């Protein structure tokens, strides 16, 4: 039995649909496998208390500045300084470290911006930079984190990570 040209065309279209469907299925499976194990990071706002690792923390205030003036000198921002005041209470009975590298700004492109070390030191009273010492058991420490945010960045979120790196939360600063 001889097939017509229309039948060959229909068979070719069915074959193309099957190949395309298989490729889409394979790419979806690859993406799901790649995302497996990644957790969605919960987002909080200013004045919202969060337990992160062995600390209860709250971002209490945001101020934008172009310059940070300390007790001994000053530093100008390349973009805009986002000065974030926070409070952290050690929930453990033992001293726990707080490290400046636990805090980052999440950029619009998904990248991260570390806190500005010099500006953060100047924004806190001399000898009282909370991120240079351990918080004693049950102690509450307060201080200021400073980020030099580029003028092109539209996202204003700070990501905080637990000291052991196993937990993270975002804070929306809008």
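Overview of values
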quantity: Residue that is nearest to residue 135 (Cα to Cα) [pool: residues in the stretch 99-115 that are in contact with a strand residue (DSSP E or B) (Cβ under 6 Å, 6 or more places away or on another chain) and touching a residue at least 60 places away in the same chain (Cβ under 8 Å)]; calculated: 102
quantity: The stretch 59-68 - residue that is in contact (Cβ under 8 Å) with a residue 24 or more places away in the chain and surrounded by fewer than 18 Cβ atoms within 10 Å (Cβ to Cβ) and, of those, farthest from residue 149 (Cα to Cα); calculated: 60
quantity: Residue 154, sole failed condition from (1) out of contact with any strand residue (DSSP E or B) (no Cβ under 9 Å at 6 or more places or on another chain); (2) under 21 Å from residue 68 (Cα atoms); calculated: (2)
quantity: Filtered residues of the stretch 120-141 (kept if under 20 Å from the mean Cα position of the chain (by Cα) and modelled with pLDDT of 90 or more); calculated: 120
quantity: Members of the stretch 118-158 that are more than 14 Å from residue 99 (Cα to Cα) and either assigned to a strand (DSSP E or B) or outside the structural domain of residue 82 (by TED's automatic domain parsing) (or both); calculated: 140, 147, 148, 149, 157, 158
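Yes/no per residue for (1) in contact with a strand residue (DSSP E or B) (Cβ under 9 Å, 6 or more places away or on another chain); (2) at pLDDT 90 or above; (3) loosely packed, with under 13 Cβ neighbours inside 10 Å:
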residue	(1), (2), (3)
71	no, no, yes
74	yes, no, yes
84	yes, yes, no
96	yes, yes, no
118	yes, yes, no
167	yes, yes, no
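The values are calculated or read from the model by the stated rules, or taken from the named source; none is laboratory data. Nothing here was measured: the structure is a model prediction, and the numbers come from that model. For neighbour counting, all protein chains shown are included, and Cβ atoms are generated from backbone atoms with ideal geometry for every residue, glycine included.
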